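J.: Can you keep this structure in mind? I'll have questions shortly.
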Amino acid sequence: MTAAVAQIPRQSASADIDPLRRAQLAYDQLELAPQKARAAAQAVLDECADQPAACVLALRALGLAVRMLEGPNPALAVLRDALNIASRHKLTQSLADAKMTHAALLADLGQINAALTECDEAAALLRGGASGGVLAQRALILSRASRSEEALTDFARALPLLRAAGDVHGQCRLHINRANLLAYLGRLTAAERDLQSGIKLARNHGLDDAAGSMMESLGFVTVRRGDIPAALRMFAESLTRAYRYNRFNATYDRAEALLIAGLASEARESLEALIGDVAKAGFAVDVAEWHQMLAQAALAEGDPKAAREYAEQALAEFRSQGRSRWALLAQHLVVRARWASDERSTALARAARDAYAKLWTAGWQVAALHCLLVAGRVELDRGRLQTARGDLAQAARARRTGPADLRAAAWYAEALLRQASGDPRGAATALKAGLRVVDEHAASLGATDLRVHASGLGADLAEAGVRLAVDSGKPAAVLEWIERFRAGTLRRRPVRPPSDTKLAADLAELRRVTAELAQTTAAGKDSRALRAQQLQLEEAVRSRSRQASGRRAPSAQLNIDELTAALADRALVEILRVDDAMLAVTAVHGRLKLTPLGGYDEALKEQESLRFSLHRLARRHGSKASLAAATAALEHAARNLEELLLHPVLELVGDRELVIVPTGQLHALPWPTLPCLRARPVAVAPSATTWLAATNAGRKKSRADDRVVLVAGPELEHATPEVKALARLYQSPSVLTDGKASADAVRHSIDGAELVHIAAHGRFRADNPQFSAVDLADGPLTVYDLERMRRAPRRMILSACDSGLSAVHPGDELMGLAGAVFSLGTSTLIASVVPVADDVTKALMVELHRELCTGASPTVALAKAQAQVRADGFVCFGAA
């Protein structure tokens, strides 16, 4: 959370009632209409220059309006005029009030000590109840300096004084500022209680704008609760009506929520769009925090160059503001960004060790260990084995005790140490131990984990295991490790709160303790008791999660015997890559083999050409000659892709039905366009484990529910005619078109159905499948809506362009909507990964359903339909 709303006291009336009243009215308009407040304050100054008390209040209103509209820098000159007038005329109350306003501006500029000094000077001018506003302002500034306990003490002292003085505005601002601090510390119940008290007070006194501001702050509390979708809705609503400074706050809070949800690119984009305005406005404290969050987002997005630039800016800004402990976290991000940029210098190793020592002493243990890992890995790459072993051995000491992220990093260090010592088997054992820690941690924290992890450590562990297995040349070991990489360990966690109330309470307490631990560490205080409490809570959550209904248990290891039995006469082709080299693990009649394939980068170039040609052909724009050229380019790219990806294994798999597990961006390939697959049944899956789970789910079909549901969404020309044509193929299907196809109606109708066909526009988020949706009559049907079903439909067909597309992240485990519906229990999804012409889509769907009505499996039905209607783009995901 960035800086809260400034705590500014109200000016009491004096004998000069009319000018003062006008100045007060200008001040009262600040939150609702800062532009009007600015004009009204200027009018008082122009017309009442002989009334010093009114001028001081008008200058304060003008300064705050300028702060909201332009930033603190131009507002400073206005406040200096207010201070001079109040001092010259010996207006004690006015001078104290002006000093508090001036303190708020100094805090915005990062001049924390100067701001506190102004507050102390204001307090010295006041007595009794009048000092409540000063205490509240001082508390706000302390909270911005991360001196949280001092801030809470001053807030507690200020509230009864403000009540005694009858300062309703001051009480409302105290409630919102203290609630923001409590939420940041993880004390969510107390934060909500503060906001609800403030909202009630504001409404009782007709202060609807203050009540609205506190409602917006509930969005920040909602983030901490773990209900990211609700929080994002609140932030979106507040952004539509927020003036400049509030828009900065809402944008920052929304970006934090997006990072927690795994949407790093969107978080970064929103921050980058506004940080220039924040800096221009002069909010130096905020700019440092924005740069640090941008560094985290850039690292998560795989852009280490930008991450380093942002982290170095944050580091310099924190240092200039005297925020030395937070500067250490920025230093840690600089080290990680340099490593991610492929720097392997002695200077980086030294910098990493220096950061490790300072971070560990300050109590930032996980960040410290990541820095020591960087030092050890640099030395390994430079061939300095003895030095590397020293770094790694020191890092590995934490593998038995401590929080989960600390232990996982330490196990990774232990694996590197054993590998450097010529013990690959021991290294593999250590990697598995680290992955168990990561896996159990993800399963236990589940929906409400609000810790944004500093690195993709699970991916590092799994990737190291894959490399060890490839070096061994054992296909079973490679398959086991690549499935650990793809199946479950690194799955995105859902971002809704758990339904188990005890588990929710444990998780909320864990978040509170974790946040308090960070604050205590930042303040340089003894954190041992809090760290012990954190460990106890993590164990309680892990234990409770194993009993919680509907929560993910840690991922089981792939059972290869069960997989080969389920494959029967099919063949598995699972593709992996190590750097640019691709390999395939094939499974045919229980025999596994590891085969080198072509280069990954070359395959991506051919895929790009193929997809471009399919886009042109789907639009049917251009002359006959240009469309013929697009067809030729399509065929050329398809042949080249077949040569790169499948030709080396064709002799092994023969003419069998295939289960293909792609890697990276090859998830976006329309596999049935390859010549050797055009007449062949093919299923595509994100992992063999996912395919096996989907196949097992498909076998558990209940005969009690054979319902077929056909849905047509709005603004898609072929949707309603297509659905009506399909309805004639089934006995008594449920048909939802036009206004009947609302999100709630569709959700209720497809619950537990055997077959669902939706012809609608889609918006699918592979970076977090929870945000995927199809557009229906009254808006989107999201994955969150689908999660409210008792049972997912067994089979789904999405007749919409690009509905099967996925943006692939580390682990290859996510496939947009496909990954989401598989996790809900759907066994088969048929969808397109490229645009397909409407008339061709309708014809293909009719043929597909005709084949399904004969009893053909989805893969066979799609292959036969595509033989009748050439509609490149549709893929069968999941079980055959």
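The values are calculated or read from the model by the stated rules, or taken from the named source; none is laboratory data. In this text, all values refer to a predicted model and were calculated from it rather than measured experimentally. All Cβ positions, glycine included, derive from the backbone under ideal geometry; neighbour counts span all protein chains shown. Just so you know, the surface numbers come from the protein's heavy atoms only, side chains and all, with ligands and any DNA or RNA stripped out. Shrake-Rupley method; radii C 1.70, N 1.55, O 1.52, S 1.80 Å.
J.: Suppose R0 equals 41 Å. What FRET efficiency, 1/(1 + (r/R0)^6) with r the Cβ-Cβ distance, do R350 and D785 give to the nearest 0.05?
T.: It comes out at approximately 0.20.
J.: So, one more: Efficiency by 1/(1 + (r/R0)^6): what FRET value for A867 and F612, r their Cβ-Cβ distance, R0 = 22 Å, to the nearest 0.05?
T.: With R0 = 22 Å, the Cβ-Cβ based efficiency is 0.35.
J.: For S472 and N204 in the same chain, what is the full-extension length gain: residue separation times 0.36 nm, less their Cα-Cα distance, in nm?
T.: 89.2 nm
J.: What is the distance in Å between the Cα centres of segment 43-77 and segment 101-118?
T.: 18
J.: If the chain between R163 and K724 were fully stretched, how many nm would it gain, using 0.36 nm times the residue separation less the Cα-Cα distance?
T.: So the chain would gain 195.2 nm between R163 and K724.
J.: Across 5 Å bins from the origin, how do the percents of Cα pairs in segment 610-728 run, short distances first?
T.: 2, 9, 13, 14, 14, 17, 16, 10, 5, 1, 0
J.: Under a cut-off of 19 Å between alpha-carbon atoms, report the lysines in cross-link reach of K90, not counting same-chain residues fewer than 8 places apart.
T.: Of all the lysines, those that pass the test against K90 - Cα under 19 Å, at least 8 places apart if same chain - are K99.
J.: Follow-up. How about segment 59-94: which trypsin sites (Lys or Arg not before Pro) there are in a DSSP loop, with at most 14 other Cβ atoms within 10 Å of their Cβ?
T.: Listed in order of number, the matching sites are K90.
J.: Can you pull the one-decimal nm distance between simple spin-label points at A529 and R639, each 7 Å off the Cα toward Cβ?
T.: The answer from the label model is 7.7 nm.
J.: Given q = 0.16, 0.21, 0.24, 0.25 Å⁻¹, what are the Debye log10 I(q)/I(0) values for segment 353-406, with equal point scatterers placed on the Cα positions and solvent ignored?
T.: For segment 353-406 at q = 0.16, 0.21, 0.24, 0.25 Å⁻¹, log10 I(q)/I(0) is -0.44, -0.71, -0.88, -0.93.
J.: Give me the net charge of V478's neighbourhood, meaning all other residues with Cβ under 13 Å from the Cβ of V478; Lys, Arg count +1, Asp, Glu -1.
T.: +1
J.: Could I ask something else about it? Per 0.36 nm of contour for each residue apart, how much would the distance between A393 and D579 grow if the chain were fully extended, relative to their Cα-Cα spacing?
T.: Taking A393 through D579 to full extension adds about 64.2 nm, to one decimal.
J.: Follow-up. Which translational diffusion coefficient, to the nearest whole µm²/s, is obtained for segment 123-194 from the Stokes-Einstein equation, given a Kirkwood hydrodynamic radius over C-alpha pairs, 10 °C and 1.306 mPa s?
T.: 133
J.: Would you mind computing, in nm to one decimal, how far apart the modelled labels at E715 and D18 are, each placed 7 Å from Cα along Cα→Cβ?
T.: With each label placed 7 Å out from Cα toward Cβ, I get 5.7 nm.
J.: Sorted by packing (mean other beta-carbon atoms within 10 Å per residue), highest first, where do 726-738, 840-852 land?
T.: In descending order of packing, they fall as 840-852, 726-738.
J.: At a 1.4 Å probe, what is the % contribution of carbon and sulfur to the accessible area of segment 109-179?
T.: Looking at segment 109-179 in its full context, I get 51 percent from C and S.
J.: While we're here: How large is Rg/Rh for segment 285-336, to two decimals, with Cα atoms and a Kirkwood Rh?
T.: We get a ratio of 0.95 for segment 285-336.
J.: Can I ask one more? Can you list, largest first and rounded to whole Å, the semi-axes you get for segment 72-181 by taking the square root of 5 times each eigenvalue of its Cα gyration tensor?
T.: The three semi-axes for segment 72-181 are 21, 17, 11 Å.
J.: Compute the accessible area per residue over segment 611-742, keeping the other protein chains in place, probe 1.4 Å, unit Å².
T.: Dividing the accessible area of segment 611-742 by its residue count gives 46 Å².
J.: Which cross-chain or sequence-distant (5 or more) residues have an amide H under 5 Å from the amide H of C876, H modelled 1.01 Å from N in plane?
T.: Distant-sequence amide H within range of C876: V684.
J.: Another question, then. Output the peptides 135-148, 198-211 sorted from most to least packed, where packing is the average of other Cβ atoms within 10 Å over each peptide's residues.
T.: Highest to lowest by the protection proxy: 135-148, 198-211.
J.: Given labels modelled 7 Å from the Cα in the Cβ direction, how far is it in nm from N696 to T117?
T.: Spacing of the two 7 Å Cα→Cβ label points: 6.8 nm.
J.: Plugging the Kirkwood radius over Cα pairs into Stokes-Einstein for segment 285-384, at a temperature of 25 °C and a viscosity of 0.890 mPa s, what D comes out in µm²/s?
T.: Reported coefficient: 186 µm²/s.
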